[in-house]
Every structure is written in structure tokens, then in C-alpha cells.
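The values are calculated or read from the model by the stated rules, or taken from the named source; none is laboratory data. Fair warning: this is a prediction, and the values are worked out from it, not measured in the lab. Using ideal geometry, Cβ is built from the backbone for each residue, glycine included, and neighbour counts are taken over all protein chains shown. Accessible surface is based on the protein model in full, side chains and every heavy atom, while ligands, DNA and RNA are left aside. Shrake-Rupley method; radii C 1.70, N 1.55, O 1.52, S 1.80 Å.
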Amino acid sequence: MMAKEKRLRVELHTHTSASKDCLVQLEPLLKHCAKIGIDRMAITDHNLIEAALIAKAMAPELVIVGEEIETTQGELIGYFMSEWVPPGLEPMETIRRLRDQGAVISAPHPFDTARSQHWAEADLRAIAPFIDAIETFNARCLSNTPNLTAESFAMEHGLLETVGSDAHSLWEVGRAAMLLPEFNDAAEFKTALRNGEKMTKLSPAFVHLFSRYAAFYKRLIKTFKSG
């Protein structure tokens, strides 16, 4: 009897206290992943990679260095990054900078109109030939409709699918994950995505209070320090 292929439980969208709307520290995050059985985790802070690089040094087998990057039209996530990409660039310039460092590119929560950083369908169609994947399930969507629309778009354009919890708290980590064949680099990651199994569960709406509280708390601390 052939041995069953080993599969990794992979979380592809998480934030840390480096993000403006998250209070999760690195050490508790890494320990929590070990506790709940996450084998790989992409840290995708908003417009920053410093915390992801530090976490990679702390847990090289676990952490994928990523970034959730605001462009002038919507957000993109880079995976297997080595260099920071600044926010506010045109999408094709962001894509160029990610390609130059060999990153894998996905568009997160592209049709979630409850967020300011969603994509107009025409703009997403324009960049579809130049990206690798679409996030077809984001656990923080208030309903599954945006995810189903993203799934249809990915199928129409022959794009790989990613899913993620978009976790801004430890409680959310792993709510949306993928079971993937083993991989070690960007090329193997793309191959693994073609053979992945999605594990998805929407988070309750109250999780948005975690990020709102974090953003408010950080503004308050900044105000007291500047005063």
C-alpha cells in the first residue's frame, strides 16, 4: 500500500501588531500556530514586511514572508517576498516590483464591497493576466457572496486560488486555511496551490471589532505620547 501524501495546513492571510489595526505580537502568534496545527503561515501585514522578516528568522519552517499592499485600485498580496513594496503605486508597478523579487501574487477579497480596498471588476480583469491567484475565500467577508464571485472570476481567468482568515486576532488564525502538498519556495508553492484543498469557515461579524479596537487603541497611545 502506498503511503498517503503528506499535506500541510497553511494559513495564507494573517496580520501582526505591525499592522495599524492589529495587536497580535509575534511570539504568541508563532506559539498559537504550533498549538492549533498550522504548518505554514503567511504574515501579510498592511504595507509592511518588517515583522514578517523577523518572524521568518524566528521560525523559518513556519513563516512565509508576505505583504498586503494597497495600490491605487485595490490590494495585492505578495508571497515569498524579500523586499518591501510601498503602498500607493499603480497596480502594474506593484506587480512589476513583486515579479522582480520572484514573489507569488494574489488579489485578496477582490469583490468585498464592504471594504474600501476592493477591486472594480474592469480593473481586476486588466491585471488578471499578470497575477497568479485570486483569494476566493476570505473569512472576514460578512457573507459568502464576495467569495463566490471571486471563485467564479478565478475559474474564468484560469487563476490559482488562495484562501485566508485575514486574522487580526489569535482567535481567527486558521479559520480559513488550505491543505497543500509540501513546498519550499515560490515555484513549489504555485504547484501546490494547483492541488490544494480549501478548509473554509466564515468568521462572525464581531471579529471586525478586534481590528477597530486595535486601530483606536494605537491612535490613543500615539495621541498621549505626542501630548
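Results for (1) buried (at least 22 other Cβ atoms within 10 Å of the Cβ); (2) within 18 Å of His13 (Cα to Cα); (3) free of Cβ contacts under 8 Å to residues at least 24 places away in the same chain, shown as yes or no for each residue.
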| position | (1), (2), (3) |
| --- | --- |
| Arg96 | no, no, yes |
| Gly102 | no, no, no |
| His109 | yes, yes, no |
| Ala120 | no, no, no |
| Asp123 | no, no, no |
| Ile127 | no, no, no |
| Asn144 | no, yes, no |
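Scanning segment 53-84 for residues that are open to solvent by 20 Å² or more (accessible area, probe 1.4 Å), of a type outside the set (A, V, I, L, M, F, W, C) and closer than 16 Å to His15 by Cβ yields a total of 2. Close contacts from segment 51-66, counting a first residue that is closer than 15 Å to Gln25 by Cα and a second that is in a helix (DSSP H, G or I) and at pLDDT 95 or above, with Cβ to Cβ under 6 Å and a gap of 6+ residues or different chains, come to Ala55/Leu26; Ala59/Leu30; Val63/Ala55; Val63/Lys56. Residue selection: Glu11 satisfies the criterion of being in contact with a Gly (Cβ under 9 Å, 6 or more places away or on another chain) and of a type outside the set (S, T, N, Q). Checked against (1) open to solvent by 40 Å² or more (accessible area, probe 1.4 Å); (2) modelled with pLDDT of 95 or more; (3) not acidic (Asp, Glu), Ser116 passes all but a single condition, namely (2). A search for C-beta distances below 7 Å between a residue of segment 196-211 that is among the small types (Gly, Ala, Ser) and any residue that is open to solvent by 50 Å² or more (accessible area, probe 1.4 Å) and assigned to a loop (DSSP other than H, G, I, E, B), counting only pairs 6+ apart in sequence or on different chains, returns Ala205/Leu142. Pick from Ala150, Ala154, Ala133: which is aliphatic (A, V, I, L, M), in contact with a strand residue (DSSP E or B) (Cβ under 6 Å, 6 or more places away or on another chain), free of Cβ contacts under 8 Å to residues at least 40 places away in the same chain and surrounded by 17 or more Cβ atoms within 10 Å (Cβ to Cβ)? Ala154 is the lone residue from the list that is aliphatic (A, V, I, L, M), in contact with a strand residue (DSSP E or B) (Cβ under 6 Å, 6 or more places away or on another chain), free of Cβ contacts under 8 Å to residues at least 40 places away in the same chain and surrounded by 17 or more Cβ atoms within 10 Å (Cβ to Cβ).
Listed conditions (1) over 14 Å from Leu202 (Cα atoms); (2) touching a residue at least 40 places away in the same chain (Cβ under 8 Å) are all met by Ala167, apart from (1).
Filter segment 175-192 down to residues that are open to solvent by 10 Å² or more (accessible area, probe 1.4 Å) and not in a strand (DSSP E or B), then give me how many there are. Quick ask: steps written out before the conclusion?
First, the residues of segment 175-192 that are open to solvent by 10 Å² or more (accessible area, probe 1.4 Å): 175, 179, 181-182, 184-188, 190-191.
With not in a strand (DSSP E or B) added as a condition, the list becomes 175, 182, 184-188, 190-191.
Summing the residues that are open to solvent by 10 Å² or more (accessible area, probe 1.4 Å) and not in a strand (DSSP E or B) in segment 175-192 gives 9.
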